[in-house]
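A short write-up of the structure that comes next.
The values are calculated or read from the model by the stated rules, or taken from the named source; none is laboratory data. Remember, it's a predicted structure, so these values are computed and weren't measured experimentally. Here the Cβ is made from the backbone with ideal geometry for all residues, glycine too, and neighbour counts use every protein chain on show. Note: areas computed on protein heavy atoms with side chains; ligands, DNA, RNA excluded. Shrake-Rupley method; radii C 1.70, N 1.55, O 1.52, S 1.80 Å.
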Amino acid sequence: MTIHDLELIDVCKTYPDGTTAVSDFNLQVEPGEFVAFLGPSGCGKTTTLRMIAGFESISSGRIMIKSKDVSNIPPERRPTSMIFQNYALFPHMNVRENIGFGLDVKKMPAAERDRKVDRIMDMFGLSELAERKVDRLSGGQRQRIALARGLVVEPQILLLDEPLGALDANLRRVIQNELKLLQRELGITFVFVTHAQSEALGLSDRIVVMNSGRIEQISRPHELYTRPRTAFVAHFIGSNTTLAGSDLAFEGENASVQTAFGRMTGRCSTPMAAGAQAMAVIPAEAMRISAASPKAVPTGQNQLHGRIHMRHAVGSIGHFKIDLGGGHVVDVETSTDNKHLMALTVGDAVSVDCPPERITIVPAS
Amino acid sequence: MEIAEKASSGVSTVSVRASADSPAARRQRRERRRAYFLLAPGVLWMVLFMVVPMIMVVYVSFWTQTTFAIHPTITTDSWVRFLTSSTYLTSTWTTIRIWAIVLVATLVIGYPVALFIGLLVRNTTVQTTLLILCIIPFWTSFLIRIIAWRPMLGTQGAINTILLDLHLIDHPLRFLLFSEFSVLVGMTQIYCVFMVGPITFMLSRIDPSIIEAARDLGAGFWRIFWKIILPLSLPGVMVGSIFVSVMVLGEFATAASLSGRKVNLLGNIIVTQVGSLKWAFASVAGVVLTIIIVVVITALLRVVNIRKEV
């Protein structure tokens, strides 16, 4: 049996009033992995993180850290460090005292403690601020202090609750890169919670997408982006158009569903039965757009016809909304380099198509 | 205060004579007038009812007091009498001793209550309800609250009766009432809530995630209490201590009705002397009391700089 750094087995959380926050949560985290819990607010991702830290009790199931059951161990005795969303620095202590707190708790001799605190302050560029009170520092500095305070005690797992949430957009990008480098350098397991897909996709080795207390999908970022397994993930990640259909049929490695706009052919991301209700997920950036003419795509595969409803360009990406009729609109993204396409205006009749390998068929929600 | 400072600093920047009538200078003058106007009522009140009476009390303490009259001939007779009489020095010492014991007692009893309401109860409705319960005794008169201790502490009072019935004692405990003990009990009960309030306020402002962060780093309850909760609640402790100190040091009613005349505080001396029209002597006691209060508050403010903390 391999030793996982962190293992959650059938973890459930039910509050006394009967509401279920998390149910049937199963996850194995390898040593040194960077895992993100991603989902909308209220999906149970923070509750799960707090259960791993020990701040929330679990209603059933088990939590194992390095094959040791920690389900009934209080947070102060778990080998985890948590980075709080608001950093939770001790406001009456200076930077050095904040970082040294965890080592004082361990009754570490003062000389050794100071050496460790100095080293980590140096690593995070905090040495200049050592004697400063924490409430006079900027968000980025406070973030680094929180990380230093959590890491100096050498936890086996670092838990981060929306660590970038309180920072402005530019700083967020800087700290995001720092986090990634830091994790690679230290090699310890990071579990972090976020509601921003760009953070999860950019930082993590694996992403756990959660919705209403349940896991929707656990995948590597690229796979999550290209092969969503549920309608929820398809809507939540990337900018996809979904077309509901029925009569699922298989042909080689392809599957197709009958939608209101013809048969859409793609690949199944999860096992399904022939004839089932299903949904075609079409990524906006995979669609090709062309002025409407019957000879455009000879095969006629995955072709949709409509009129341009809206268009605008952001930098190098042109965004189109194509009205297919009947209240269905598809999003299409193209490069603005294509002058021919950018000449199209609202109301023009166009056709769009997408290669089958870029379309994913998921079970109907 | 701040407004006045702003106004005066503004004036110094417009010192150039030529620009005295510029719109900016006129606006500065208008703002300064408004600042003084806003300050005036408060300053007037304090001068009329605080500064002037204080000066009068100090002045009167040097007047000549005869058995039946008092006249404004300056003398130190009253001061000499106060500082050489063992009765008055003893009562000064009693005042300080009772203040110290009551301060510690209200803190020791009040802090856990505040800890419960401010930190353990996180529901604000329940918090408010509990605080209101703390002030319910104030709906009855101060004297009734004190005198209510008599049937509790008396020789045939509730406590003695219960202890006798349980055969824990053979004779009623006599030290319970009309003693320093009963004064301490009465004062602690009455002033405890003034300690609970400010501490609860400070504790309820502590971000719960700070305590979680300390736990996460391995700290147990006592370390979290000494290193996190207590330091963060100190401003509340200081404000509560100032409330309790000011009220206990000026006390006379509790001692008068629960001590059986055995405990004489400076407040009791002032009441007695004023009652027998010994104004000069009452003034001496008043000045001594004021000095003690100023020293106590200054010392408390030294411990925690409240303006910096809040």
Qualifying residues in region B:202-214 (those that are at the interface with chain A (Cβ under 7 Å from one of its Cβ atoms) and surrounded by fewer than 19 Cβ atoms within 10 Å (Cβ to Cβ)) - the one farthest from A:ARG77 (Cα to Cα): B:ASP207
Where B:ILE55 falls short, out of the listed (1) touching a helix residue (DSSP H, G or I) at 6+ places or on another chain (Cβ under 6 Å); (2) not assigned by TED's automatic domain parsing to the domain that holds B:ILE190: (1)
Candidates A:ALA273, A:ALA255 - the one that is small (Gly, Ala, Ser), in a strand (DSSP E or B) and either assigned by TED's automatic domain parsing to the domain that holds A:ALA200 or more than 30 Å from A:GLY202 (Cα to Cα) (or both): A:ALA255
Residue, farthest from the other protein chains (Cβ to nearest Cβ), within region A:59-88, restricted to residues that are aliphatic (A, V, I, L, M) and free of Cβ contacts under 8 Å to residues at least 60 places away in the same chain: A:ILE63
Candidate set: region A:89-102, residues that are more than 9 Å from chain B (Cβ to nearest Cβ) and open to solvent by less than 10 Å² (accessible area, probe 1.4 Å); chosen: the one nearest to A:SER138 (Cα to Cα): A:VAL95
Matching residues, region A:156-184, being assigned to a loop (DSSP other than H, G, I, E, B), within 15 Å of the chain's Cα centre (by Cα) and buried (at least 18 other Cβ atoms within 10 Å of the Cβ): A:GLU162, A:PRO163, A:LEU164
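How about region B:137-155: which of its residues are farther than 20 Å from B:PHE194 by Cβ and either among the β-branched types (Val, Ile, Thr) or not assigned by TED's automatic domain parsing to the domain that holds B:GLN189 (or both)?
B:ILE147, B:THR155
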Selection status of A:ALA234, small (Gly, Ala, Ser) and either more than 22 Å from A:MET51 (Cα to Cα) or in a loop (DSSP other than H, G, I, E, B) (or both): yes
Breaking point among (1) in contact with a Phe, Trp or Tyr (Cβ under 8 Å, 6 or more places away or on another chain); (2) closer than 30 Å to A:VAL362 by Cα; (3) part of a helix (DSSP H, G or I), for A:HIS222: (1)
Residue within region A:50-57 that is surrounded by fewer than 22 Cβ atoms within 10 Å (Cβ to Cβ) and either in contact with a Phe, Trp or Tyr (Cβ under 9 Å, 6 or more places away or on another chain) or modelled with pLDDT under 90 (or both) present: no
Among residues of region B:73-119, those that are part of a helix (DSSP H, G or I), open to solvent by 30 Å² or more (accessible area, probe 1.4 Å) and over 30 Å from B:ILE211 (Cα atoms), counted: 17
Test: residue in region B:161-179 that is surrounded by 20 or more Cβ atoms within 10 Å (Cβ to Cβ), part of a helix (DSSP H, G or I), modelled with pLDDT of 85 or more and in the same structural domain as B:SER245 (by TED's automatic domain parsing): no
Residues satisfying the stated conditions in region A:104-140, i.e. of a type outside the set (A, V, I, L, M), touching a residue at least 24 places away in the same chain (Cβ under 8 Å), within 19 Å of B:ALA214 (Cα to Cα) and outside any strand (DSSP E or B): A:LYS106, A:LYS116, A:ASP135
Among (1) within 26 Å of A:GLU178 (Cβ to Cβ); (2) in the same structural domain as A:ILE175 (by TED's automatic domain parsing) - the single one A:ILE237 does not satisfy: (2)
Test: residue in region B:135-156 that is open to solvent by 40 Å² or more (accessible area, probe 1.4 Å) and closer than 30 Å to B:ILE228 by Cβ: yes
Given (1) modelled with pLDDT of 90 or more; (2) closer than 23 Å to A:LEU182 by Cα; (3) open to solvent by 20 Å² or more (accessible area, probe 1.4 Å), index of the condition A:PHE124 fails: (1)
Residues (facing chain A (nearest Cβ under 7 Å) and in a helix (DSSP H, G or I)) located in region B:215-229: B:ARG215, B:ASP216, B:ARG223, B:ILE228
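Checking the conditions here, which among A:GLY252, A:GLY187 is closer than 21 Å to A:LEU27 by Cα and open to solvent by 30 Å² or more (accessible area, probe 1.4 Å)?
Answer to the check: A:GLY187.
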Lone unmet requirement of (1) surrounded by fewer than 18 Cβ atoms within 10 Å (Cβ to Cβ); (2) within 14 Å of another protein chain (Cβ to nearest Cβ); (3) touching a helix residue (DSSP H, G or I) at 6+ places or on another chain (Cβ under 9 Å); (4) not β-branched (Val, Ile, Thr) for A:ARG132: (2)
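Identify the residue in region A:330-365 that is open to solvent by 40 Å² or more (accessible area, probe 1.4 Å) and among the charged types (D, E, K, R) and, among all such residues, is modelled with the lowest pLDDT.
The residue in question is A:LYS339.
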Residue, farthest from B:THR106 (Cα to Cα), within region B:238-262, restricted to residues that are among the β-branched types (Val, Ile, Thr) and either open to solvent by less than 10 Å² (accessible area, probe 1.4 Å) or touching a strand residue (DSSP E or B) at 6+ places or on another chain (Cβ under 6 Å) (or both): B:THR254
Residue in region A:217-231 that is under 21 Å from A:CYS12 (Cα atoms), among the β-branched types (Val, Ile, Thr) and outside the structural domain of A:PHE261 (by TED's automatic domain parsing) present: yes
Region A:180-202 residues that are free of Cβ contacts under 8 Å to residues at least 12 places away in the same chain, paired with ones that are β-branched (Val, Ile, Thr) (beta carbon under 7 Å, 6 or more apart): none
Matching option when the condition is over 14 Å from A:GLU178 (Cα atoms), β-branched (Val, Ile, Thr) and open to solvent by 10 Å² or more (accessible area, probe 1.4 Å), among A:VAL117, A:VAL105: A:VAL105
Test: residue in region B:287-296 that is open to solvent by less than 10 Å² (accessible area, probe 1.4 Å) and either β-branched (Val, Ile, Thr) or in a helix (DSSP H, G or I) (or both): no
Index of the failed condition, A:ARG149 passing every other in (1) surrounded by fewer than 16 Cβ atoms within 10 Å (Cβ to Cβ); (2) among the charged types (D, E, K, R); (3) under 28 Å from B:PHE221 (Cβ atoms): (1)
